[in-house]
Every structure is written in structure tokens, then in C-alpha cells.
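**Q** Just dropping this structure here.
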Number of protein chains: 4
Amino acid sequence: MTPETDQAVEHGTVVNEMGQDDSPELAGLYEDFESAHLIPLWTQIDDLMPMHPRPKAVPHVWRWSALYPLAQRAGDLVPVGRGGERRAIALANPGLPGRAYTTPTLWTAIQYLGPKETAPEHRHSQNAFRFVVEGEGVWTVVDGDPVRMSRGDFLLTPGWHFHGHHNETDQPMAWIDGLDIPFSHYADVGFFEFGSDRVTDDATPNFSRSERLWGHPGLRPLSGLQNTVSSPIGAYRWEHTDAALTEQLLLEDEGRPATVEQGHAAVRYVNPTTGGDVMPTIRAEFHRLRAGTATPARREVGSCVFQVFEGRGHVVLEGTEHSLDKGDLFVVPSWVSWSLRAETPFDLFRFSDAPIMERLHFNRTHLEGAPQ
Amino acid sequence: MTPETDQAVEHGTVVNEMGQDDSPELAGLYEDFESAHLIPLWTQIDDLMPMHPRPKAVPHVWRWSALYPLAQRAGDLVPVGRGGERRAIALANPGLPGRAYTTPTLWTAIQYLGPKETAPEHRHSQNAFRFVVEGEGVWTVVDGDPVRMSRGDFLLTPGWHFHGHHNETDQPMAWIDGLDIPFSHYADVGFFEFGSDRVTDDATPNFSRSERLWGHPGLRPLSGLQNTVSSPIGAYRWEHTDAALTEQLLLEDEGRPATVEQGHAAVRYVNPTTGGDVMPTIRAEFHRLRAGTATPARREVGSCVFQVFEGRGHVVLEGTEHSLDKGDLFVVPSWVSWSLRAETPFDLFRFSDAPIMERLHFNRTHLEGAPQ
Amino acid sequence: MTPETDQAVEHGTVVNEMGQDDSPELAGLYEDFESAHLIPLWTQIDDLMPMHPRPKAVPHVWRWSALYPLAQRAGDLVPVGRGGERRAIALANPGLPGRAYTTPTLWTAIQYLGPKETAPEHRHSQNAFRFVVEGEGVWTVVDGDPVRMSRGDFLLTPGWHFHGHHNETDQPMAWIDGLDIPFSHYADVGFFEFGSDRVTDDATPNFSRSERLWGHPGLRPLSGLQNTVSSPIGAYRWEHTDAALTEQLLLEDEGRPATVEQGHAAVRYVNPTTGGDVMPTIRAEFHRLRAGTATPARREVGSCVFQVFEGRGHVVLEGTEHSLDKGDLFVVPSWVSWSLRAETPFDLFRFSDAPIMERLHFNRTHLEGAPQ
Amino acid sequence: MTPETDQAVEHGTVVNEMGQDDSPELAGLYEDFESAHLIPLWTQIDDLMPMHPRPKAVPHVWRWSALYPLAQRAGDLVPVGRGGERRAIALANPGLPGRAYTTPTLWTAIQYLGPKETAPEHRHSQNAFRFVVEGEGVWTVVDGDPVRMSRGDFLLTPGWHFHGHHNETDQPMAWIDGLDIPFSHYADVGFFEFGSDRVTDDATPNFSRSERLWGHPGLRPLSGLQNTVSSPIGAYRWEHTDAALTEQLLLEDEGRPATVEQGHAAVRYVNPTTGGDVMPTIRAEFHRLRAGTATPARREVGSCVFQVFEGRGHVVLEGTEHSLDKGDLFVVPSWVSWSLRAETPFDLFRFSDAPIMERLHFNRTHLEGAPQ
């Protein structure tokens, strides 16, 4: 069943005589194709069906030291409000010009809210999260439930839930937004609806109702036995993430299986009603590397974005090394080789479109050195 | 929790003062955004996050009477073979110029194989099917299993299965191919591998091994208890489809529940190991309308393509009526309103990206007249 | 983690000093336990928690040549009707005296209906099937849908569906019933409701409505997209079962993977909406052995019953060989070793409680010769 | 499809003429049935297939004030050790004499371990848990992982995991064990294996490795992405249970949906890899009623056991009221009506065989006053 085939051979290197001559008959046929809204496969197959993913998106690093001042300037010059909705500035992949796409599926932005400002409520089909690399003072209100935002927290706004943000303090605050806007836009699946201009509940509790109901390990409220498409937990707090990673490294010290690989602790944020990903299109994880740890180079189908939460290190993206500092973000397009190396203890937040890949059975991973 | 909101209001009609002034400071900020590979949301939100899906793909009808002669001309002028791989001519949506995309997710083509010709073996991540509106004489060989192609048959080549086609007769044959090439291309998930230049088994049995093992209603071989991602059935034969639809209409005559709606019989092709869709990205169905039947107008998230198999009728696409004849194909982009009307008994094959929408929980349907 | 333990050691052979002395204090304690409705584990653990399943049910063979005449005599002496409901005579395992239990979970009976007789309609939580080793002329009416019963057919009456039987002919007819009565009785889960005294539809169609809607391989009606707990197919016809087995052996002849093991073809009856078992508690299969084929001895957690449909052979049950002829039934209690040997082409129907074992994760299989 | 039937009618009240006469022919037939190991349905249907579950198990209350002293006496008189394995004294339902069955599926016992004693390691197919109503000082070691036992903790020993217990202190300790021994014994599914005579790890950490890896809300270790049949969490700590229930009542005070019904907070212990029950056969929950709260009477298919953890109240079991105090246990057989009433704030632990009922689709609930 296995044919004699050379994996390295590209379509282009095969002698392709299909439709190559320049007879007037063929030219006429091609013209007639065009007026009939037809395009032959043999002229596009190299591009459409490559030997392996050949993304137009490119690896890229955005520096927090550059991002944050730009967001501040936007805070001074651009009011936030209905219509534009959010003071969010998106990471636009240099390989996908014109649209604010970090990858074909993922949108990533720094959002900035000045003292006492409010971003009005709305809802949309697109799934969204926030991750806080620094700061505090903003509450995001999700379906009327105010959720505190603090450093290290991972917060959810799954599709079609109303949400707005308000800053209760005299200090500005900025954080990272991640959404599946490019996928939704491309596949024509998005709905949008305006909500209240002010947040519907301006209380500032320490813990959201969602956490109080769902944030107890291994315990499910009997009032919530129906599984939900996305996680009912509004905020995944840093103290839990940090504790989980700390324990994994301690267990490793004790010689117990706990980490993904030596020196590399990691957790996935999950939906407690299913144990699966927090939202149908976005996976989110937190990784911690001991100082000195290097991960093997790997390629994965699907794209992802990392943000450095703490520490210093490097990433090698398709052979090119980039140094990384706190707050820096980088994107790994599909099938691009990546590996991490930690200079200091190194904490990274990661999100990806892996649930799309897995649910549609396109997921594939290749570890460098392993046979393909 | 429900805000006072006017569903009909578009972003554009809301006063959006975000970043609208023309100060040099703002111009400078926008320039700095651009050099930092950043794009603010407030300048793109109208396009990126519309109130409802606003596809660039447009409704369109391709006539079989035009398609087939063009395929014949290609048969005369363009040899089939390695490199171009297939003499397949794709339906390119007029709203998506430059690429052979029928919709953002679906690729549709007429494939033509002359007397005694062979389309060489290969495999790819993309999921594929064939549907035969007329003709016979070709066998498609899937992982070494020769599958006869005859009028009315629906045939599968799920992702990463080797396949080639060969025409054993002195007559040409044409059929319809459907694949998820646009999705795979856009999301960077595709792998491709060449196989044998000739089909690996040139036998011409009436029934494939896959049918002999799996084509018995309600019976599962004990040698096949593992569920499979895609259906293990290589060919869904017309005689079964026709019988199932005939029985539904007879049951309706007897006053029994059997049809989708009055005068409208329909079956879905399914994977017998799960009862679900035949492949992870493509749904396929066959619909039969009694003469005179009209379906209610509906909108659905996700896109689909119909081909008339037999009979005459009309489709209304976003208010515009098109007459339809045997072999005609039309595309329904996401959220475009459509309804069918049968002049004669009316048989239509349909395929769509519904599994993508459902697995990612973006599916939504609106029946005209019903509240949205 | 693996302790030094000897699998062959039974509790009884371990020195158990717990509660073994005969002091008056201990006797007093045991008396006080009894009046407080308490029983210590240490006096029952040998029985309650054996080293491996030690069923009280025993292997046994019932001869069709004895069963059928007894059913005939019951037909002469015992009227069928409301109250007793069915002229069904159950195989009572000699190891489970007093109750008509073939195994702790399964009830098996020969049911006999005289010329023109009717067994009245009722419904119950218990799941039921019929298998026809010979004869014809009876229709079972399930939720108003008349289902013809003919030799080789496997018919379903899942829990809580009304059903009655009527014999339209001048000839008596007998068949095999299988239910989960013992499990339902033991676990206190059964509900029962009387229905019409006559069948609600006395038509005698060749095919039930359920078959007309669901009996098309790989095709699912769009009016039936909701998955069902039990199969919606009322009858699995012999012609399909026979064809499926025939093809498996032909494919084996052609050197293709198709059979369970050399010379042993087998199919499982499944629910087309899921690909899983026909009912939540009962698995049903049909096995065909070529003349001369012998299966390896195996033990399985859970119990099953076989009926010879055609041919002659032997079964070895825990080392004892029994010859088998058409219609003979035998029971295999949990963890009893069994193997088959075919004298002639040998067709057997089998049903079991495997879905219970698998859904509760108690399933385990041991092939003789393999390490346990 | 609905027949004219009177739900209240029992089989026995229907005139059943099947096999009622006393002719010698019929007597002879019955004798021949018996020698052929056959039993007719019509003589047993009243018992085997009742109109609704008619359990032999009866409702019963065991008093902690009686149980604990008996366990103490056993501690003085009966050594713990290999063979008897555990100093566990089981609640034997008065309606199921002879076997230590609390219900047909559930075994419940008080287990007692004296100062410095060890219960040796073993493993078995049966699923087990412990619940601690008072005391501390014992560690249960599950697959080599020492798990502290303290008041209010719920601890797991899923099937086929090695486990032993050791008391590190100079005080005895008692707790409740729950297992599916009756089901396993009845259905012949049990395997048993001896392990180490001493626990394989006599450390006494505050938190087990399983908790350190899995006890972080909404976080899943990347080293544990494979779903597990039973929960990987070894101990569900009282502090979490208490906090979850406290929050539910506070949320109710704030007018938010959180409780099952007014004044009634409840959590289910779940497997974090699936969100489902902790083990395939046993469900465990904790209920808290405000003083004065009464629950509506309900009947459920399947059986359960409650233990009062704190407070005073009453249970009405099939019309009979019983007062309840700390530590008291009571059993609710299948379809027996039950309701609770709280004198004081009232905390109860509950476990049941609901996963069996739900997985086999026999579950049914009836609320008093609602139509059946």
C-alpha cells in the first residue's frame, strides 16, 4: 500500500505537462474557464496542496517594551466607546498584511483602559480571553458577573456572552486579549450585538460568582450538572496556576512523574464540566521552565502565540534565535519549528488553535530527530 | 442580562469617535503602529466583526450544460498526469477571485478522465469525495481497494488515504469532486504525498472490499470494532439512496413520520462506526422533493453546494430565483437565504462544511418568519 | 508498585486469625453485630471478594429437541393472555435454582404462539429481543409497527416500547426471547405497563416501518438525527446477516483482513445512530465458522448465551466438551473458559451482557496461553 | 400509541388463566419443565416484572452511637491482618439477610484501625471510597501514594489500585467505607490480589501526590492529558467541600442561582478529566440544608446511603419519619420515597449507584405531586 514516493519532492519539481503548451486552443480554453468562473486544479495545485503546511504567516516577536508605550499613547489620543468598542491594538502578522491577524485563526491584542474608563458591553460569536501580564484595577463584567483582573490571571469571555470592562482606579491598566476573530471572519460565522453602554454591574468583588460556584477542585455544583460548550469559570487565578506549577517541579525533585519533560512544568486551563479545552476554538496553557532547561524543537499543525510572564530566555523559530524578556510575545505559525531555552526560571503563557485542529482531525506533531 | 440593543444597528451607524480626528499626533501613532506590525481594532471592527455573517463569497449557479463541454475540451487539450495530478476544473466563487474556492471552506470541481486514462495515485490531508451525476466506467482505487463509479454513487477518499482513478472503457467519464482544500489551505494544515503512477490494483469489481465488509445495514464486522475518524465505506450506491428516499415518501403517504417536511425526503451519508458525518469537515446529503414542493427560506451558518441529480426546479438565493436543470450546481455562502421549489420530482445532492461549524459550535439556523 | 503476590493464593489459604477464636466475648460481639444488622467483612471476604469471578451459575446446554416439544405441550395446555402475558418458558441455570435466570443478568426463553393466537401488548423497562431459529407467520408489533418474524431474523423490543405478538397463520411458531430480566429484578429497576389486549395494528407487511426508514446501509434519515439509546431498527434480516458473513469468508479467501480469526466470520448487530450495541444492556452477534475451525479457549468477564442456528459442532466449557446441533442453546457464565469447534459449516447466534461490563469498566478477557 | 391501561393495576389483580388448572397433564408438564431446567414466565412474572421497583432491601437507619462502640469492641477482640484484610463491619440490610449487602449494589461499613495498626495492601476490581465523619491519624496508601485521612475528607480507591491503611498515632480511628461489592459479587466481575503486608510508603505527608498534581481548580497537568476511568484525585478535602457549600448559600442570599432548591446546597465529587462521576459505579455528593429546610419527597431508580456529617434533622422514608444525629447512616432502596428536614444546619454525605443506572439508562425520578 505504501508507494515509492520521495517526501522531499515538491509538485513543482515533477514534470508537469498538464496545460503547459501555448497553443491558441489552450489559451481559448483558459479564457472560457475564466468567464465561466472556473479554475483548473493543475495551475494551482503547487500552492493549494503543498507537501507540508507552508504558511504565509511568519514567525515574529513583539516587544512588550514597545507595545506598552504605544498603548499608552493610544490611551491619550483615542477615546474608548461605542462603535470602536475597545482600545485594543492587535498584533498583525507581517506575512498577512492588511488585516489584524496574528495567525489565520488567532487575533491577539494589547488592550488599554485609562483611569475610570469603561469599555461598553457587547457580545459576539467570537470566543475571547484576557491574560494579565501586569497591573490590576479593572473588572470585566461577563453576563453581569464582575470579574477582577490581576497579574497572572487568565479570564474567559466565551462566544455570545455579554461583557464590558471598567477601570475603578486612578491608574491605567493594560492586558492581552486573544480571540478567534480571523477564523470567524474567514469562515463567515460571526454575529455581534451591542449591550449596555455602562457595565451592568459596577461592583468590585474579589471573586466572581462563577469562581465562587465553580472554583473548588473536583467539586461540581448540583445546580450545574449540564455540560457547557465553554468553561463556566470566569477567572483562573494566578495563585492556583503558580501553585500547580510549583508542585509539579517539587514532585519532579522527588523523582515522581509530574512534568511534561525534565525541567518543564505545564498546565492546561480546562472546562471543569468536561475536562477539555476552555473554549471550542482556543486552547490556553501555562508553561514553566527551570533555568537552563531547553525544549526539543518541534513542529505542530496549527498556530500559537506565547507571552513571557516572568524571566528571561530564548526561542528558536525555524532556526532563528530570539531573546525574550517579560511581556514579550511571539507567534508560531503552523508547522514552524520552535524550541525554548530558559536563562532564568522562565514562565510563559501560551494559547493556540489546537482545539480546531483536533476536532477536525488535522493535528500532527513532529519532534526534531524523530522520523516524520 | 439582556441589554437594550437594536439588532439592526450596524457598527458603522454608531457614532465612532475612536481615532477619528486628524491630528498629527494621531497620524504619528498610526505610523508607529504600522512599523511595529500593529493594527488597532477600532479601524477594522466593522469589517472583522459584523452584526451577522457578511460573506465575500456570493451565491452562484454553474450550468452542467456549460461545464461538461469545457471539461471535454480540457480532455482533448490537457494530458492528465503526475504534477498536475488531476484533470479537475474547479468552481471559483466570483466573490473570491484568484483562488479556486467555491466557498472559504469548500472546493468543488468537475473531473474528467478520457478513455483508458489514469489519474496517478497520491494522498493528502484534505478530505475528498466524488459524486457521479452521469456516466460510468471509472474505478477509483482507495488504499488499494478498487471502487466502481456509477451514476448516483457517492464515493469517499478521506484524508491521507492513497487514491488514483482509471478509466477502463473507451468512453470518457466526468464527475464532481468535493474537498476541503480552501479550509486546509487557509488554516495551513495540508500534507501531500505522491504514490504509484499507475493504480495499485486495476481490477474492476462490481463492489469494493469496503462495501463488502461494511455495506450491510445495522451489522458491524467484529474485525472492525475500532471507530474510525471517517467512514470506512468507500461507495454509497445509488440503489440504496434511491430506495431510502422512495420509502420516506411512501411512509409519508401512509401518514407516518419519515420526511423532513411535507414532500421533502432526505438522507445523510454517515460513518457507520459512529452514526456521524462521513468525514470530519464535510457533510453530504441527498434530498428529494415531490413535484410542487417548496421549502421554507432558511439561513445557516456555514456554506454548502448543491447539484441537481434529476428533475427541474428553482432555487431562490437571497431573493433571486434561478431555474435549475440536471447537473446544475449552485453555492450557498454562509447566512445566505435559500429555498427550493420543485417543478418535477426533484433530486439534489448536497454537501457542506456543517461538521466544522458544529464541532466548533458556530452553527446557527434561521427559518424565515421565525424570530431570530 | 507490583507487590510480591501469588495470584493462585486464595483468601482461604492465608492464615486468617481475624475473629477466629471462640471466646465468649467474641461470641457476644457477633451476636450484637447481628442484632444491629451488621456483618463483619472478615467472615465473608472469601465469598464476597474472590480472587477471580466464581459464578454460582454453571455452564449448561439445553437441547432444541427437548425444548420444542415441551413448548408444544404448553401450547396445548396453557392459554396465552393478559396476566401471564407470554407463553415463554425460560432456561433456568441449574446453579441459580428457584428463579428463571439463565445468568445473573440474562433471561432466555422459548416463546410459543399457536395458530391465530395473540400475546397482548405491554411495555416494560426491561430490554428484549427475539431470535428466530425456525418458522414464520408471527408479526411482533412494536409501538404500533408490525414486524415480520422469519428464520434467521433478529428483532428488537428495547425498554419501554409497547409490543405484542400475533400469529396470522394456521401453524404454531416458536422463537427465542432474550431479556435483562435478572439484572432488572436484582437491581430493582423495572417498570411495567399493560397495553392493548389485541395488537394495535394487525397488518402483516413484509417490512416494518422501522426497516423502511433505517435499513439502508450508511444512510440516516434527516428526520432521525437525534441519537437513540437503543437501535431504531426493529428487525435485522437474515439475508443481510448471511450476506455479511459470506463476504467476510470470501474476503478471507482473497487474502484480505475481514474475519476475527482464521475461518471465523462474525458480525455485531448495532444501533445505526451510534455504531454501538443495539441496547444498553445486551450485545448480540452472529458467528460463522468454517467446517474444521476451532477457536482458542478464552475467558471473559460477563455472561453469554449461544444458540446454534445451523450446522454441527462442539463447545468445550471449562474443559467439558458438548456436542451441538441446530437449535441447541448453551450458557457461558462469567470467566468460564469456552471454545468452539465446527464439524460442518457452523452458524451461531450469541448474546451477552457485555455492554453492562464495558460501560461499568469491569470487562476483561483472557486468552488461553496468554499471560493473565 | 398509548393504550388504555390502568397504571395502578398489578399483574396479580388481572385474571391470569395461564397454567392455573390442576390437570395431571399440566402437573406433568411442570415436572418435565423442572427436570429440563426450565421455568415458565407466567408463574413468576408477578415477582420478576413488577409494575414498579419492589426492592427486597428495606429502608433502615444505623446509629453512629451504636456503631462506633461495636467497632471499638472489635478493635479489642479481633486483630487486623492478611486474610480478613480489614476490620470492617458492614451495614447489612434487614431485607437482604445473610449477606453484608446494604443494597443490591452497595456495601457500606465502618472500618476501625487501632493505634499503630496496619491494614495490609491489596487490590481488587471493586471500586472503593472512604468518608471520614470524625477523627484523624490514618494514612491510606494508594498505589504507593500516602493520603492523609481527616474529618470531612472523601477519599478514593478506584478498582484495581493497590491500597493499605496505617495508623501512625496512639489513638484509634474509624471511618466509613463504601464499595460496589454486592454488584460485583452478584454479576461475577471481581478479581482480587494481595499486596505488601506493610504499606509500601509509610510517610505521613499533609497532601498526597495526587492532590498536588490534580487539586488545582480548572487546571490540568500536561503530563495527564489522557482521560481516566476513575478520578485521579486521591482525597477531596473538607475545606474545599465546606467552602463550596458556603458559597452556594451566600450566592442564594444574594439572589443568584447556585443551590439545587431553596435552602439546599449540594456538590458532586467528580473526575476532573471528564467532569463525570468519580468512579464508574459510585456517585458521591455532599448536601447542606439550612435549618428549617425540607426537601420534597422523591423516588429514584437505584439505591443510596446517607451519613449525617453535622447537625440534626429528620428523614421520611416511605412515610416513616426517623430523627437523625451526627454520624447516623440510612439507606434508601430503589424507588423508596424520601425527604429530608433540617432542625439545625444539616450536613449530609451521600453515595449511590446512580452511575450504573444512568449508564444503563434505567434512571428515572419521580417528585411527589408531579405526574408520574
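**Q** Can you tell me which residue within segment B:54-71, out of those that are more than 19 Å from B:Val316 (Cα to Cα) and touching a residue at least 12 places away in the same chain (Cβ under 8 Å), is nearest to the chain's Cα centre (by Cα)?
**A** Filtering segment B:54-71 for residues that are more than 19 Å from B:Val316 (Cα to Cα) and touching a residue at least 12 places away in the same chain (Cβ under 8 Å), the one nearest to the chain's Cα centre (by Cα) comes out as B:Leu67.
**Q** Also: May I ask you to say which residue of C:Leu213, C:Leu249, C:Leu225 is over 29 Å from B:Gly276 (Cβ atoms), open to solvent by 20 Å² or more (accessible area, probe 1.4 Å) and of a type in the set (A, V, I, L, M)?
**A** C:Leu249
**Q** State which residue is farthest from B:Arg63 (Cα to Cα) when the search covers only segment B:82-99 and only residues that are in contact (Cβ under 8 Å) with a residue 40 or more places away in the chain and of a type in the set (Gly, Ala, Ser).
**A** B:Gly95
**Q** Among the numbered conditions (1) under 30 Å from D:Asp153 (Cβ atoms); (2) within 12 Å of another protein chain (Cβ to nearest Cβ), tell me where A:Gly152 comes up short.
**A** Condition not satisfied by A:Gly152: (2).
**Q** Same structure again: Those residues that are touching a residue at least 60 places away in the same chain (Cβ under 8 Å) and in a strand (DSSP E or B), I need them from segment D:316-337; list them, please.
**A** Across segment D:316-337, the qualifying residues are D:Leu317, D:Thr320, D:His322, D:Leu324, D:Leu329, D:Phe330, D:Val331, D:Val332.
**Q** Can you name the residue in segment D:293-309 that is open to solvent by 10 Å² or more (accessible area, probe 1.4 Å) and more than 22 Å from D:Asn363 (Cα to Cα) and is also nearest to the other protein chains (Cβ to nearest Cβ) among such residues?
**A** So, considering only residues that are open to solvent by 10 Å² or more (accessible area, probe 1.4 Å) and more than 22 Å from D:Asn363 (Cα to Cα), the one nearest to the other protein chains (Cβ to nearest Cβ) is D:Thr293.
**Q** Sticking with this one: Kindly provide the set of residues from segment D:113-145 that are of a type outside the set (A, V, I, L, M, F, W, C), open to solvent by 20 Å² or more (accessible area, probe 1.4 Å) and in contact with an Asp or Glu (Cβ under 7 Å, 6 or more places away or on another chain), ordered by number.
**A** Answer for segment D:113-145, where residues must be of a type outside the set (A, V, I, L, M, F, W, C), open to solvent by 20 Å² or more (accessible area, probe 1.4 Å) and in contact with an Asp or Glu (Cβ under 7 Å, 6 or more places away or on another chain): D:Pro115, D:Arg123.
**Q** Name the residues in segment D:341-366 that are over 23 Å from C:Thr228 (Cβ atoms) and crowded, with 21+ Cβ neighbours inside 10 Å, would you?
**A** Answer for segment D:341-366, where residues must be over 23 Å from C:Thr228 (Cβ atoms) and crowded, with 21+ Cβ neighbours inside 10 Å: D:Ala342, D:Phe346, D:Asp347, D:Leu348, D:Phe349, D:Phe351, D:Ser352, D:Asp353.
**Q** Also: Which condition from (1) farther than 25 Å from D:Ser303 by Cα; (2) within 9 Å of chain D (Cβ to nearest Cβ) is the one that C:Gln171 breaks?
**A** For C:Gln171, the failing item is (2).
**Q** If you take the residues of segment B:272-289 that are farther than 13 Å from C:Leu225 by Cα, at the interface with chain C (Cβ under 10 Å from one of its Cβ atoms) and not in a strand (DSSP E or B), which of them is most open to solvent (accessible area, probe 1.4 Å)?
**A** The residue in question is B:Pro272.
**Q** Restricting attention to segment B:205-222, does a residue exist that is within 11 Å of another protein chain (Cβ to nearest Cβ) and under 21 Å from B:Tyr112 (Cβ atoms)?
**A** no
**Q** Ok, one more. Taking segment B:28-53 as the region of interest, how many residues are more than 7 Å from chain A (Cβ to nearest Cβ) and either at positive phi or modelled with pLDDT of 95 or more (or both)?
**A** Summing the residues that are more than 7 Å from chain A (Cβ to nearest Cβ) and either at positive phi or modelled with pLDDT of 95 or more (or both) in segment B:28-53 gives 5.
**Q** Kindly provide the set of residues from segment A:74-94 that are open to solvent by 20 Å² or more (accessible area, probe 1.4 Å) and farther than 16 Å from B:Thr43 by Cα, ordered by number.
**A** Selection gives A:Asp76, A:Pro94.
**Q** I'd like the residue in segment A:232-246 that is in a helix (DSSP H, G or I) and more than 7 Å from chain D (Cβ to nearest Cβ) and, out of all such residues, is surrounded by the most Cβ atoms within 10 Å (Cβ to Cβ).
**A** Applying the filter and picking the extreme gives A:Leu245.
**Q** What residue, of D:Arg312, D:Arg256, D:Arg268, is more than 22 Å from D:Thr365 (Cα to Cα), at the interface with another protein chain (Cβ under 9 Å from one of its Cβ atoms) and open to solvent by 10 Å² or more (accessible area, probe 1.4 Å)?
**A** Every option except D:Arg256 fails the conditions.
**Q** Then there is this: Looking at segment D:126-137 only, could you name the residues that are in a strand (DSSP E or B) and touching a Lys or Arg at 6+ places or on another chain (Cβ under 8 Å)?
**A** Result: D:Glu136, single match.
**Q** Could you run through segment B:180-191 and say how many residues are touching a strand residue (DSSP E or B) at 6+ places or on another chain (Cβ under 7 Å) and surrounded by fewer than 23 Cβ atoms within 10 Å (Cβ to Cβ)?
**A** Matching residues across segment B:180-191 total 1.
**Q** Within segment A:146-203, which residues are over 27 Å from A:Tyr68 (Cβ atoms), part of a strand (DSSP E or B) and of a type outside the set (Asp, Glu)?
**A** Those that are over 27 Å from A:Tyr68 (Cβ atoms), part of a strand (DSSP E or B) and of a type outside the set (Asp, Glu): A:Phe192, A:Phe194.
**Q** Test each condition in (1) open to solvent by 20 Å² or more (accessible area, probe 1.4 Å); (2) free of Cβ contacts under 8 Å to residues at least 60 places away in the same chain for A:Asp201 and report the one that comes out false.
**A** Failing condition for A:Asp201: (2).
**Q** Go through segment D:95-112 and report how many residues are at pLDDT below 95 and crowded, with 22+ Cβ neighbours inside 10 Å.
**A** 1
The values are calculated or read from the model by the stated rules, or taken from the named source; none is laboratory data. Only a predicted model underlies this, so the values are computations on that prediction, with no experimental measurement involved. Don't worry about glycine lacking a Cβ; one is built from the backbone with ideal geometry, like all the others, and counts go over all protein chains shown. Accessible surface areas use protein heavy atoms only, side chains included; no ligands, DNA or RNA. Shrake-Rupley method; radii C 1.70, N 1.55, O 1.52, S 1.80 Å.
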